[in-house]
1. Are any residues in the range 47-63 among the small types (Gly, Ala, Ser) and under 29 Å from residue 157 (Cα atoms), and if so, which ones?
2. Within the group 104, 137, which residue is at pLDDT below 95 and either in the same structural domain as residue 260 (by TED's automatic domain parsing) or part of a strand (DSSP E or B) (or both)?
3. Just to verify a result, which residue in the range 524-549, among those that are assigned to a helix (DSSP H, G or I) and among the acidic types (Asp, Glu), is modelled with the highest pLDDT?
4. Determine, yes or no, whether residue 562 is assigned by TED's automatic domain parsing to the domain that holds residue 530 and not small (Gly, Ala, Ser).
5. Can you list the helices (runs of 4 or more DSSP H) found entirely within the range 148-222 that contain at least 1 residues being closer than 25 Å to residue 238 by Cα and of a type in the set (Lys, Arg)?
6. Identify, from the list 549, 553, the residue that is more than 27 Å from the chain's Cα centre (by Cα) and either farther than 18 Å from residue 422 by Cβ or among the aromatic types (Phe, Trp, Tyr) (or both).
7. So which residues in the range 218-230 are surrounded by fewer than 18 Cβ atoms within 10 Å (Cβ to Cβ) and not hydroxyl-bearing (Ser, Thr, Tyr)?
8. Given (1) buried (at least 17 other Cβ atoms within 10 Å of the Cβ); (2) outside any loop (DSSP other than H, G, I, E, B), identify the lone condition not met by residue 233.
Amino acid sequence: MIQRRVKVLPAHIANKIAAGEVVQRPASVVKELLENALDAGARSVAVIIEEGGKKLIQVVDDGLGMDETDAVASFQRHATSKISSYEDLNAIMTYGFRGEALASIAAVSQVSMKTRREEDEVAVVFQIDGGTQVSLSREGRERGTTVTVKNLFYNVPARRKFLKSANTEFRHVYDAVQRAVLSFPEMSFRFISDGDTIFQLQEGTMEERMLDVFGQRQMEHLLRVEETTDYISLTGFIGKPTFGQKTKANQFLFLNRRPIGNRNINHAVFSAYEHLLTKGSYPFFLLMIDVDPHRVDVNVHPSKMEAKFEDEQSIYRFVSTVVRKSLSTGDHVPALSVTGGKGEPGSVGMKFTERQHSDAGISDLDFPTSEPGLSFRRAIPAMPGDAIARQLLVPTAGPPTQAHVAVDREETHASLIWQLHNKYILSQVKNGLLVVDQHVAHERILYERTLQRFENAIYSSQQLLFPETIQLTPGEYSLMQELLPHFELLGFGIRIFGKNTVIIDAVPPDVKVGSESTILGELLAVYQEYQQHSPLEVRDNVAKSYSCKAAIKAGDSLTEQEMRNLIDQLFATRMPYVCPHGRPIVLKIPLDELDRRFGRT
């Protein structure tokens, strides 16, 4: 008899293997049962666990409940009340839909379900042990469903031994409950672990729920996010730049109330801070995205923790610009204080307040629709200059652009401006002294100007009276050929001339005549350095390299008008407070700090 190598697994083994895709740990069970409660229309939910959920998980809700037939059928694999045809997968409105949760949980634990509809006199009690029905009975209960899960993985010892300690599993369960709590503030929740009530929350507003979960102290460091177009809605909270976190634990993203993970959207939020966070810090955010279900696919991962957007690039731009808009509120200039350890005088320290910036790009966002030639558009008003606008006493040289700081003309007459050691620009402001690093200020101006040239494909050049021939190394020559289109958009006129040789016959207006070869060589060298850290950001790396090498240097003497123009152009940029590499551009010494140091207070 021929021994066949390919065999069909018995149902009980196949079910245990399949359960591994849905149930990894107690938190997976809690998540699935919570989703069922939400889909059942519950307004109140209780979650009870013991030993981190390894011994007991119980979820009690006041939802619609089920009759006997539905209760028994709900434990069969691929049994669901939430979709009935393939087309339903194109617009999933529920949180559970695969029809695998209860069957998977029951295959690896001892489960009891007690459920009752409003119109029924008594509840159905259905017990199943390791996937096998044990009993079916009747008991009294209010409308709703209680699912009790005991001894998770009791019949799969290999899986059970890989569960972590009770404390570790508790933290994972807490995270799952917390996400449900945050996404449904209009519901009441109770969470009990080993007899202790972790929280008991009443229904309320989003702000009240945030206050209940995170506390008043943390709420003081958050900014509201809210923007709606015909295509997408974004609401929630983000942390102020000073509220940077050491981990990504406090980052919550919800799509149509469903908790998801999406690297692109996380990066969109992070990019909006644009160097406002210190190195190694991450922003706090809780964002809720509402989008037409037809435009997203949540059926891309067994745990439903990922989603695919129809037009992810537009979502990315929208999220980034709305977060930038929220960050534009408040005075974000770092304040310099002179303090010693524990408040004693003697050392100079930097006390950072929130920094500010805004983005004009948000005012014109397009999103595709299913109809050709039709797009959704929503104009979002630009944010006006606020605290810093009222403090600057530097006159402007023209109409405001982008995040340009409007200055009260009555105050500008009293403005004073100096250059310190040909390195820093000092300007009197309303409440003290403003200090600007001239090099990084000009670097920020050139960086944003360069990105704008790339975006609009508009550039200007100044022709050289005598073209300059430059000999490059083979590596530099290869890189030059690769970056030539970008250099041309910068304003360089470069011609290939022989082996490893180029001719420069035009340069950008920002480049001083006589420094062409130096600038080009340094630009290539710095670009290679940046490229090692961000290999995909070609244009951004070119812009950073060019702005770094073409900017005014420390030691360059500036006239008063040049200093005024520099500051005026700086505060016309989108991000006037940090250079492209994250170094501060502007510091403020408050007048009350000076008064304190001179004994006037």
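The values are calculated or read from the model by the stated rules, or taken from the named source; none is laboratory data. Just so we're clear, the structure is a prediction, and the values are computed from it rather than from any experiment. Positions of Cβ are backbone-derived with ideal geometry, glycine not excepted, and every protein chain shown enters the neighbour counts.
1. We begin by selecting, within the range 47-63, every residue among the small types (Gly, Ala, Ser); these are 52-53, 63.
The answer is 52, 53.
2. Working: 104 fails: either in the same structural domain as residue 260 (by TED's automatic domain parsing) or part of a strand (DSSP E or B) (or both).
After applying the criteria, what remains is 137.
3. Let us first name the residues in the range 524-549 that are assigned to a helix (DSSP H, G or I), namely 524-533, 538-549.
Adding the requirement that they be among the acidic types (Asp, Glu) leaves 529, 540.
Values: 529: 81, 540: 85.
The selected residue is 540.
4. Values: assigned by TED's automatic domain parsing to the domain that holds residue 530: yes; not small (Gly, Ala, Ser): yes.
Considered against the rule, which asks whether it is assigned by TED's automatic domain parsing to the domain that holds residue 530 and not small (Gly, Ala, Ser), residue 562 comes out as yes.
5. Values: elements: 157-160, 166-183, 206-214, 216-219.
Those helices (runs of 4 or more DSSP H) span 166-183, 206-214, 216-219.
6. That would be 549, the only listed residue that is more than 27 Å from the chain's Cα centre (by Cα) and either farther than 18 Å from residue 422 by Cβ or among the aromatic types (Phe, Trp, Tyr) (or both).
7. Restricting attention to the range 218-230, the residues satisfying the condition of being surrounded by fewer than 18 Cβ atoms within 10 Å (Cβ to Cβ) are 218-221, 224, 226, 228-230.
Matches in the range 218-230: 218, 219, 220, 221, 224, 226, 230.
8. Every condition holds for residue 233 apart from (1).
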